[in-house]
1. Out of all the residues in segment 239-272, which are at pLDDT 95 or above, surrounded by fewer than 21 Cβ atoms within 10 Å (Cβ to Cβ) and in contact with a helix residue (DSSP H, G or I) (Cβ under 7 Å, 6 or more places away or on another chain)?
2. Which of the residues belonging to segment 76-94 are out of contact with any Asp or Glu (no Cβ under 9 Å at 6 or more places or on another chain) and of a type outside the set (D, E, K, R)?
3. For residue 257, only one of the following conditions fails: (1) under 15 Å from residue 345 (Cα atoms); (2) in contact with a Pro (Cβ under 6 Å, 6 or more places away or on another chain); (3) not charged (D, E, K, R). What is its number?
4. Evaluate the following for residue 264: is it touching a Ser or Thr at 6+ places or on another chain (Cβ under 8 Å), charged (D, E, K, R) and under 22 Å from residue 165 (Cα atoms)?
5. Suppose we filter 343, 324, 298 for residues that are at pLDDT 95 or above and buried (at least 20 other Cβ atoms within 10 Å of the Cβ); which single one remains?
6. Only one of these is under 23 Å from residue 386 (Cα atoms), among the β-branched types (Val, Ile, Thr) and not assigned by TED's automatic domain parsing to the domain that holds residue 255: 323, 340. Name it.
7. Hand me the list of strands (runs of 3 or more DSSP E) wholly inside segment 89-174 holding 3 or more residues that are touching a His at 6+ places or on another chain (Cβ under 8 Å) and either of a type in the set (Asp, Glu) or in contact (Cβ under 8 Å) with a residue 40 or more places away in the chain (or both).
8. Considering segment 179-209 alone, what residues qualify as being of a type in the set (Ser, Thr, Tyr) and surrounded by fewer than 18 Cβ atoms within 10 Å (Cβ to Cβ)?
Amino acid sequence: MKKLEKNDFITLEINGMTNEGNGVGRADGGMAVFVPYTAVGDRISCKIVKTAKSYAYGIVDSIQIPSDKRRQSDCEAFCKCGGCSFRHFTYKEELSVKQGFVRDSFERIGKLSPEFEEILGCECEDYYRNKIQLPVADVDGKAVAGFYSKRSHRVMPISDCKLQPPEFFEIVREVLKYQNEKKLTCYDEVSHKGLLRHIYIRRGENTKETMLCLVTSKETHEYDELAERVIKSFPQIVSVVLNINPKPTNVVLGDRCVTIFGKDTICDVMCGRKIEISPLSFYQVNTKQAEKLYEIAAEYADLKGGETLIDLYCGAGTIGLSIADKVKRLIGIEIVKPAIENAKRNARLNGVENAEFICGDAGTAASELIKRGVRPDVIIADPARKGCDALSLESMVKLSPNRIVMVSCNHATCARDCAYLCDNGYEIQKCRPVDLFPRTTHVETVVLMSKVNPNK
């Protein structure tokens with residue numbers, strides 16, 4: 001059988017899907033070929049673009065027989081920007097694929113076979129985000145903003161996005177108009193020169209309060225006039241902030257913020273609680289679906305009113321504060337100082353008096369609680385994509401709660417962390433995927449773990 005080589009054309013049946021959203025088919029001889037923007041059931045003509053010893057990558061040359069799981073994409077930028085991966089799927093198929101992602105991670109990575117509840121789909125598939133971050137670049141002497149092309153740091157100009165509220169792009173156009181009128185420079189990642197790096201907008205889904213944050217390479221007064229302009233054109237803007245990021249890095253945000261108009265934060269209402277949000281605070285980008293996610297976490301926590309609850313990786317305190325009235329004591333732990341300050345203010349805003357918030361690394365702070373003799377009944381852990389570190393997991397086991405509720409945006413690291421906990425005295429009771437990010441490959445997972453011997 002002829003070995004696959006670059007630039008070969010083959011006919012391929014797509015019969016599987018990777019966690020990155022690539023379709024998988026088998027070439028003659030059994031070699032796996034990964035092809036983006038395909039659906040299970042597609043029969044395609046495929047051009048091979050890369051080969052390895054046991055697999056190859058291809059791109060679609062033509063779709064000979066389309067899958068019944070496919071639909072027509074409604075976005076001109078689809079396949080060009082690095083955002084949506086599943087805009088060519090029916091939503092029913094997308095949910096099925098995401099449920100499979102979570103199941104596969106737990107079975108393959110964690111060697112676990114928990115009871116899976118049906119994935120919770122999102123009522124709104126478009127325009128659901130409350131935050132946008134757009135890199136800016138100089139293209140032919142003109143400032144543009146957009147998304148990075150897939151697997152690159154080349155900015156592809158975008159004037160609309162199905163995932164974002166349309167008014168976000170009205171604000172972006174005003175910023176770019178000002179940038180070009182004043183002939184201000186855009187940051188260049190190669191030379192590390194230039195002023196404006198990113199345009200960053202946050203909005204309270206329920207209050208509509210909006211923050212315009214400009215990420216700049218240095219503190220400047222160049223955008224004071226812009227602040228005056230945008231607040232006249234967009235009355236929902238209550239805060240204009242500079243985030244200063246002078247570092248030669250592709251990390252979006254710097255550590256320091258300077259408010260040039262209005263408030264330092266915006267306010268939203270989530271799960272019936274007032275929430276203050278700063279530029280550096282973590283806040284779920286799909287508010288309405290996040291409320292449902294937190295309802296599932298609260299259901300899994302099964303609180304009766306007398307418990308001590310630790311909210312690990314608490315951010316601005318959204319999960320813990322939403323259920324503070326169901327516990328005797330709430331302790332939130334978060335390493336980002338502005339987020340902890342937000343959490344403390346959010347507790348005061350809502351009259352929550354049984355909450356304590358600690359700024360520190362999750363594992364170290366949990367270890368300190370052990371020394372203080374704190375013994376929680378329940379831990380809710382909502383780590384970043386990299387999951388829990390070893391010290392955090394060890395501390396969770398030593399704190400020895402009866403129940404641990406894991407809320408994860410990365411099913412692979414979630415499966416890994418749950419496997420550790422299963423090896424150290426816990427067992428999975430149930431697990432439910434939740435789709436917070438329609439049309440992307442991302443999926444949240446909520447897992448309930450119980451202590452095998454709660455009396456020990």
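1. 260, 261
2. 78, 79, 81, 82, 83, 84, 88, 89
3. (1)
4. So residue 264 fails the test.
5. Numbers: 343 fails: at pLDDT 95 or above; 298 fails: buried (at least 20 other Cβ atoms within 10 Å of the Cβ).
That would be 324, the only listed residue that is at pLDDT 95 or above and buried (at least 20 other Cβ atoms within 10 Å of the Cβ).
6. Values: 323 fails: under 23 Å from residue 386 (Cα atoms).
Answer to the check: 340.
7. Numbers: elements: 131-139, 142-148, 155-157.
Result: 131-139.
8. Initially, segment 179-209 is screened for residues of a type in the set (Ser, Thr, Tyr), giving 185, 187, 191, 200, 207.
Answer for segment 179-209, where residues must be of a type in the set (Ser, Thr, Tyr) and surrounded by fewer than 18 Cβ atoms within 10 Å (Cβ to Cβ): 185, 191, 207.
The values are calculated or read from the model by the stated rules, or taken from the named source; none is laboratory data. These numbers were taken from a predicted model, which means no experiment stands behind them. When we count neighbours, we look across all protein chains shown, and the Cβ atoms used for this are built from the backbone with ideal geometry, even at glycine.
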